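Undergrad: Below you will find the structure I want to go over with you.
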Amino acid sequence: MGVFVLLPLLLPLTALPIARLAERHLHPRVATRLLSALAAVLAACSTVCLGLLVVVGTVQLPGHPLPDAWADREARTTAPYEETAGKGAVIALLAVAVSWSTAVRRHRRVRRQAELALAGVPGGELAVLPDEAAYAYALPGVRSRASRGLLGWVLSLMTSPVGPGGRIVVSTAMLACLDAGERAALVAHERAHLAGRHHRYLLAVRFAARANPLLMPLRSAVAYTAERWADEEAARVTGERRVVARAIGKAALVSRGTPTPTLAGFAAPGPVPRRVAALLAPAPSPVSWPPVFTAVGLAAWAAAAGTLGSALSSANATLTLFLVLEAGPL
C-alpha cells in the first residue's frame, strides 16, 4: 500500500487553483458542475483512504470485524499494520461520520420547518409568506419518504427529481423592496435554481468539505458559481442584465439569507458586489472546457490529474490490501 494510501488525503490541494480561477474565467454552469464533480470524487477517495488506514491500524487487534475468510489470526498478521496511523484514522473517520450526521439532521429539520410553513399557503410555484424579514430561496420538491437511514436519505436526495412540489419561497418584505421588473428577475433566478438542481451541487460540496477540510475552497466556490449560474439564467430569461443586477443589490441590503446553506437563495450575504459587477459586464462565454495553455486551463488539468491520481491511489491501496488478506500467510 505504501504512500498510495496517503495520497488521497493530500491530493485535494491540486484543486485549489481551479477553485479560485473557475469563478472568474469559466461559465458559472461549467464551473459549478466541474468543481462539484472534483469535490465529490476527491472526498470519496479520501474517505476510502481513511477506511483503509483504520483497517491497517486495527487489523491485528482482537475483535476486528473482518470477514470470516480473513478472520484467522495468521492471515491478519500478513496485512500491513500501523497502529498510530490507525488510531488517527479512527478518530478522523468518526469525526466525518458525526459531521455528516449533523449536516443531514440540520437540513432535514430546516426542510420540515419550511414545509410546515408552506402547509397553509395556496398551491403553485410561488409561495409568498407574510413576514417582516426579507428572504427568498428555492425549496426543492418533496422526496419519497421510503428511504431510511443516513445513506438512503442522501442517495434519494441526490438522485430524485425536483418534482411538482418544488417551490419558490419569498417573503412579503422582500417583494416590497423590489419593483415589478426586479420581482420578475427574482422569480427567474429562483426558478433557475430549481431547474438546475442547484441544491444537489451545494449538498455534494458541503459533504465533501466535511469529509476533507482541504476541499472547503471548492465549497465556497460552488456556493458562488451556483448563484452566478442562476443570475445568468435570470438575465437570459428577462433580457435585462442591469435589472437583475439591481434586484440583487437591493435584496442584499435587506436579506437575511437562506435557512441553510444547502438551499439556494437570491441575495444571501457573500460576494454580492462581484455578482453585480459580473452582470454589468457582457455575458460569459459558454465554453465547456478552457484552453490548455491558459492559467485556468492549466489549473483545470492539474485538478483533473490530481483527481485521477487520487482515484487510482485509493483503488491501488484497496486492491493491494484485498490481495494481501486474500492470500493469507505465506
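Undergrad: Sort 177-187, 220-230 by the packing proxy (mean of other Cβ within 10 Å over each peptide's residues), most packed first. Display every interim value, and only then the final one.
TA: Details: 177-187: 18.4, 220-230: 24.8.
With the highest mean Cβ count within 10 Å placed first, the list reads 220-230, 177-187.
Undergrad: Starting with the highest mean, order 88-101, 242-255 by the number of other Cβ atoms within 10 Å, averaged over the residues of each peptide.
TA: Values: 88-101: 15.3, 242-255: 20.5.
Ranked from most to least packed, the peptides come out as 242-255, 88-101.
Undergrad: Which whole-angstrom value gives the distance between the alpha carbon centres of segment 228-257 and segment 172-223?
TA: Going from one Cα centre to the other spans 12 Å.
Undergrad: Moving on. Can you order the peptides 197-204, 290-297 by their average number of other Cβ atoms within 10 Å per residue, highest first? List each step's numbers first, then the result.
TA: Working: 197-204: 21.9, 290-297: 14.1.
Highest mean packing first, the order is 197-204, 290-297.
Throughout, read-outs are computed from the coordinates displayed, never taken from laboratory work. Computed from a prediction, not measured in an experiment: that's the story for all the values here. Positions of Cβ are generated from backbone atoms using ideal geometry, with glycine treated the same way; all protein chains shown enter the neighbour counts.
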